[in-house]
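Q: Sharing a structure with you now.
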There are 2 protein chains.
Amino acid sequence: MAGELEIDIDRSSPVPLYHQVAQAFEQAIREGALAPETKLDNEIDLAKRYHVSRPTLRQAMDKLVRDGLVVRRRGVGTQVIGPRVRRSLKLSSLYNDLQESGAQPRTSVLTLETVTAEDEVRDRLGLAPGTEVYHLRRLRSIDGQCLGIMENYLPLSVGTLTGAALERDGLYNVMRRQGSDFQMAHQTVGATVATAAQADLLGISPGSPLVTVQRTALDSAGTAIEFGDHVYRADLYSYETTLMNH
Amino acid sequence: MAGELEIDIDRSSPVPLYHQVAQAFEQAIREGALAPETKLDNEIDLAKRYHVSRPTLRQAMDKLVRDGLVVRRRGVGTQVIGPRVRRSLKLSSLYNDLQESGAQPRTSVLTLETVTAEDEVRDRLGLAPGTEVYHLRRLRSIDGQCLGIMENYLPLSVGTLTGAALERDGLYNVMRRQGSDFQMAHQTVGATVATAAQADLLGISPGSPLVTVQRTALDSAGTAIEFGDHVYRADLYSYETTLMNH
DNA sequence: CTTGATTCAATGTCCTGACAAGTTGACAGG
DNA sequence: CCTGTCAACTTGTCAGGACATTGAATCAAG
């Protein structure tokens with residue numbers, strides 16, 4: 001039951017020791033070399049085995065704990081956590097979420113224009129009255145079926161947007177390439193029923209359920225760089241998240 | 001511009017020093033005593049001022065970094081981050097989410113019984129065929145308005161559930177008091193339209209939009225301890241999350 | 001057989017000390 | 001005036017040791 005693990009520690013490498021140790025354990029756990037429920041050896045022995053100090057080994061373990069791979073309990077020891085718990089922790093990661101929703105099979109651009117921001121858009125983006133913004137409407141489809149309608153507002157400072165680039169790379173890739181660095185996003189997920197116009201676009205009957213997603217994305221300076229108001233067919237789309245305690 | 005801050009460190013307290021320091025800074029930042037963009041003093045001076053060692057102070061700072069309150073750059077210093085970025089980071093915390101949804105104004109218990117788990121419930125909870133589970137239906141209301149219908153399935157091993165306790169404390173508090181330790185939950189949020197029966201219970205007309213939430217909660221051992229299938233009135237409820245890059 | 005206190009093992013906390021690495025700004029040289 | 005070098009400052013990394021706190025297993029007493 002002991003966590004025997006052969007790993008190479010390169011002391012001349014620029015990557016920190018604790019990171020090397022943590023990465024080695026993470027790989028072993030994800031590959032199954034360290035089965036769930038396995039109890040690791042105690043800190044002292046592990047530190048001795050890998051020729052690092054206890055604080056360094058603890059730093060590595062703390063990283064594993066934060067990543068949800070192991071659980072430590074004082075007086076008990078360190079246990080590898082079950083795969084169900086650690087599965088798809090990254091689902092709540094901003095990058096994956098954006099990439100997933102930005103690089104889907106096909107998106108066609110319905111509208112690409114600059115308009116004077118309405119009150120709600122101004123408020124969401126934190127802009128002054130009368131400011132011009134991009135207004136973008138896209139239709140996302142998968143396997144020929146229309147999945148949802150995406151409406152986005154962006155400040156002009158994000159760069160230049162073209163329909164071709166948007167359809168080829170997705171909104172978020174285009175923005176990132178022009179220097180936008182996403183730091184966080186605030187989302188509100190709700191429900192509504194399809195209007196006649198929406199139903200017509202999506203190829204469903206009016207009154208069908210729709211998932212609504214409103215998202216405001218911020219860069220690392222705290223500036224809002226995108227506001228999105230999306231609706232998706234409820235029978236083809238749902239929003240998944242993983243909530244962690246801590 | 002220096003981060004002058006008078007805080008009391010209680011060395012005889014059972015709460016760790018680094019936690020006291022971190023909490024003091026967090027409070028100061030949230031209260032505005034430390035304005036955004038403020039550059040904090042260097043670690044050495046701060047450690048000296050609060051009479052702790054540098055590793056201890058670093059531990060506190062690491063906590064602040066993880067919580068998204070400050071940014072540190074080697075060779076530069078530590079800066080308080082903008083309020084928009086840090087706002088409501090805790091929204092994606094499991095505990096708050098559960099507490100919020102578990103201690104609402106009023107919940108009345110419609111059904112509390114033990115049944116043989118159906119296939120979907122068995123699969124979600126990871127139970128053997130034929131296992132008995134709690135089946136719970138509750139109606140949540142706020143200000144006299146019905147908000148949603150919550151249907152839950154729980155393994156019998158969670159303890160004993162009584163209608164009175166559930167209505168008084170909420171499901172999650174009852175479970176936690178009986179030893180369940182929530183570690184994470186997986187949620188799927190979608191949309192549907194109200195059936196006649198649902199509409200009748202919620203006091204709305206059939207065909208109105210509903211937000212659906214399916215949640216599986218796991219404890220630290222990776223065992224599923226709850227499966228919930230909830231619907232909420234879309235005009236009164238929406239699901240908010242904050243996505244972080246990292 | 002149950003219950004209680006004891007003991008042991010493990011992680012949690014905290015300290016001092018040292019060096020590495022990145023950033024910035026000042027200073028000297030062109 | 002411009003530019004490249006260097007020194008000072010700050011955070012990052014790492015070591016080794018000491019004691020506290022918690023959980024569980026062990027053992028003795030009822």
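Q: Taking the convex hull of the Cα atoms, report for the protein assembly as shown its projected area averaged over all directions, in nm².
A: 27.8
Q: Something else about it: For A:Ala194, what residues show an amide H to amide H distance below 5 Å, using hydrogens built from the backbone and excluding near sequence neighbours?
A: Those qualifying (amide H under 5 Å, at least 5 residues apart or on another chain) are A:Gly207, A:Ser208, A:Leu210.
Q: Determine the shielding of peptide A:203-213 by partner chains: average, over its residues, the number of Cβ atoms on other chains within 10 angstrom of each Cβ.
A: Values: counts 0, 0, 0, 0, 4, 5, 12, 4, 8, 5, 3.
For peptide A:203-213, the averaged partner shielding equals 4.
Q: Turning to a different aspect of this structure: Average partner chain C-beta neighbours within 10 Å, per residue of B:229-240?
A: Taking the mean over all residues of the peptide, I get 3.
Q: Using a cut-off of under 18 Å, list every residue of the stretch B:193-223 whose amide N is near the label point 7 Å from the Cα of A:Leu110 along the Cα-to-beta-carbon line.
A: Zone members listed by number: none at all.
Q: Would you tell me the mean number of C-beta atoms belonging to other protein chains that fall within 10 Å of each C-beta in B:72-82, as a whole number?
A: Partner-chain Cβ atoms within 10 Å, mean over residues of B:72-82: 1.
Q: Tell me the label-point distance for the pair B:Arg177, A:Gln178, using the 7 Å Cα-to-Cβ offset, in nm and rounded to one decimal.
A: So the label points at B:Arg177 and A:Gln178 sit 5.6 nm apart.
Q: In addition: So how strong a dipole does chain B carry about its Cα centre when Lys and Arg Cβ are +1 and Asp and Glu Cβ are -1, to the nearest 20 debye?
A: 900
Q: Taking amide H positions as placed 1.01 Å from N in the peptide plane, with prolines and chain starts having none, which residues 5 or more places from B:Arg106, or on another chain, fall under 5 Å of its amide H?
A: B:Ser141
Q: Would you calculate, for the protein assembly as shown, the mean residue ellipticity at 222 nm contributed by helices, counting each DSSP H stretch of 4 or more residues as -39,500 (n - 2.57) and dividing by all residues, to the nearest 500?
A: -8500 deg cm²/dmol, from helical runs alone.
Q: Set the bar at 21 Å for Cα to Cα. Now go through A:Lys39/B:Lys63; A:Lys39/A:Lys63; A:Lys63/B:Lys48 and name every pair that lies beyond it. If you can, show how the numbers build up before the last one.
A: Values: A:Lys39/B:Lys63 27 Å; A:Lys39/A:Lys63 17 Å; A:Lys63/B:Lys48 28 Å.
Over 21 Å apart, Cα to Cα: A:Lys39/B:Lys63; A:Lys63/B:Lys48.
Q: Karplus couplings for the stretch A:196-211 from phi (6.51 cos²θ - 1.76 cosθ + 1.60, θ = phi - 60°), rounded to Hz, Gly and Pro as x?
A: With the stated coefficients, the stretch A:196-211 comes to 4, 5, 5, 4, 5, 5, 8, x, 10, 8, x, x, 5, x, 10, 8 Hz.
Q: The stretch B:17-86: percent of C-alpha pairs farther apart than 15 Å?
A: Numbers: 1159 of 2415 pairs.
Counting every Cα pair in the stretch B:17-86, those more than 15 Å apart make up 48 percent.
Q: Looking at the square roots a ≥ b ≥ c of the eigenvalues of the Cα gyration tensor of chain B, which shape do they give, rounded for a/c under 1.5, prolate if a/b is larger than b/c, or oblate? The partial results should precede the final answer.
A: On the way: a/c = 2.76, a/b = 2.05, b/c = 1.35.
Judged from the Cα gyration tensor, chain B comes out prolate (a/c at least 1.5, a/b above b/c).
Q: Same structure, new question: Below 8 Å, C-alpha to C-alpha, sequence gap of six or more: please give me the relative contact order for chain B in percent.
A: Relative contact order, chain B: 14 percent.
Q: What relative contact order, as a whole-number percentage, does the stretch B:94-233 give when Cα pairs under 8 Å and 6 or more residues apart are counted?
A: In percent, rounded to a whole number, it is 24.
Taken together, the values in this text are just the output of simple stated rules run on the coordinates, not laboratory data. From a predicted model like this one, the values you see are computed outputs, not experimental measurements. When we count neighbours, we look across all protein chains shown, and the Cβ atoms used for this are built from the backbone with ideal geometry, even at glycine.
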